[in-house]
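*Asks:* Here's a structure for you.
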Amino acid sequence: MRDMTDRQKAILAAIIEQYAEIAVPVGSVTLAKLFGVSSATIRSEMARLEDMGLIMQPHTSAGRIPTDIGYRSYVNGITEAQMAELPTGIDRSARAIDARVNTHAKKADRAIRSAVDSLVELTGNLGIATIGSELYMNGIGNLFSQPEFMHGNHVQAVARLLDNIEPWLREAAPNEPLNVFIGSENPIGKSSGATLIISRFRSPYSDYSYIGVIGPTRQDYARVMRLVRHAGAMLEESL
């Protein structure tokens with residue numbers, strides 16, 4: 001795939017961020033206003049992004065949505081520096097996780113559950129964590145209330161992902177402090193249209209304990225990645 005220009009990167013990021021917010025394909029008129037250029041210029045850039053496989057046109061909609069490859073390109077562009085910057089809203093959310101975990105710091109299972117519950121509230125996703133040999137899960141209602149998961153095929157694929165997540169984590173043991181599996185990258189439920197953002201941390205139960213979220217590929221990636229990584233680091237520090 002050829003390299004994107006800076007403007008194409010910015011347009012892709014704008015499509016991803018707007019689509020995450022409104023769950024509606026993003027059109028050239030909206031982007032033209034945002035970038036202060038003509039709709040024709042945006043349409044030309046969108047055509048190039050589409051040729052690169054980074055965005056697609058669903059059905060007969062005039063707008064575009066990101067593909068899994070587009071999301072991957074965007075996520076790979078979220079730098080360590082950006083991850084370290086904590087905007088005010090994130091900082092407040094991170095403190096909310098800290099407060100709940102610290103309440104239960106002497107009881108590891110309660111601390112991990114409370115961190116998951118915080119992630120569920122703060123991200124609107126389903127939250128999961130391994131506690132010993134068990135998987136704790138909360139927020140399934142969040143997941144299936146997302147517009148992407150209102151239809152049968154996606155629901156079945158997501159259910160398969162949830163059914164198999166614990167044995168897969170045990171077997172695969174993802175090794176990075178933060179792991180992001182987008183849509184078809186998921187080892188199970190490849191057609192689910194779901195993203196798994198998961199952090200490994202050391203706990204009294206295992207050096208390979210995990211906490212994370214599962215939601216649609218349509219995510220505020222920078223924010224959710226920061227919060228998941230923060231939750232893992234906070235648990236490792238306090239337990």
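*Asks:* Which whole-number percent gives the relative contact order of segment 6-76, counting Cα pairs below 8 Å spaced six or more residues apart? The partial results should precede the final answer.
*Replies:* Working: 75 pairs, mean separation 24.5, N = 71.
Across segment 6-76, relative contact order equals 34 percent.
*Asks:* Go ahead and estimate [θ] at 222 nm for the chain from helices alone: -39,500 (n - 2.57) per DSSP H run with n ≥ 4, summed, over the residue count, rounded to 500.
*Replies:* Computed mean residue ellipticity for the chain: -17000 deg cm²/dmol.
*Asks:* Sticking with this structure for a sec: State which helices in the chain qualify, where a helix is a whole DSSP H run, it must extend 15 Å or more along its own axis by its Cα atoms, and its mean Kyte-Doolittle hydropathy must be at least -1.0. Spell out each step's value before the answer.
*Replies:* Details: long enough: 6-22 (24 Å, 0.11); 39-51 (18 Å, -0.62); 88-103 (23 Å, -0.50); 108-123 (22 Å, 0.26); 152-172 (28 Å, -0.30); 221-238 (25 Å, -0.06).
Both cut-offs are met by 6-22, 39-51, 88-103, 108-123, 152-172, 221-238.
*Asks:* Of Gly127, Gly27, Gly212, which is farthest towards the positive pole of the chain's charge dipole, taken about the Cα centre with +1 and -1 on the beta-carbons of Lys, Arg and Asp, Glu respectively?
*Replies:* It is Gly27, whose Cα lies furthest towards the positive end.
Throughout, read-outs are computed from the coordinates displayed, never taken from laboratory work. Just so it is clear, the structure is predicted and the values come from calculations on it, not from any experiment. Here the Cβ is made from the backbone with ideal geometry for all residues, glycine too, and neighbour counts use every protein chain on show.
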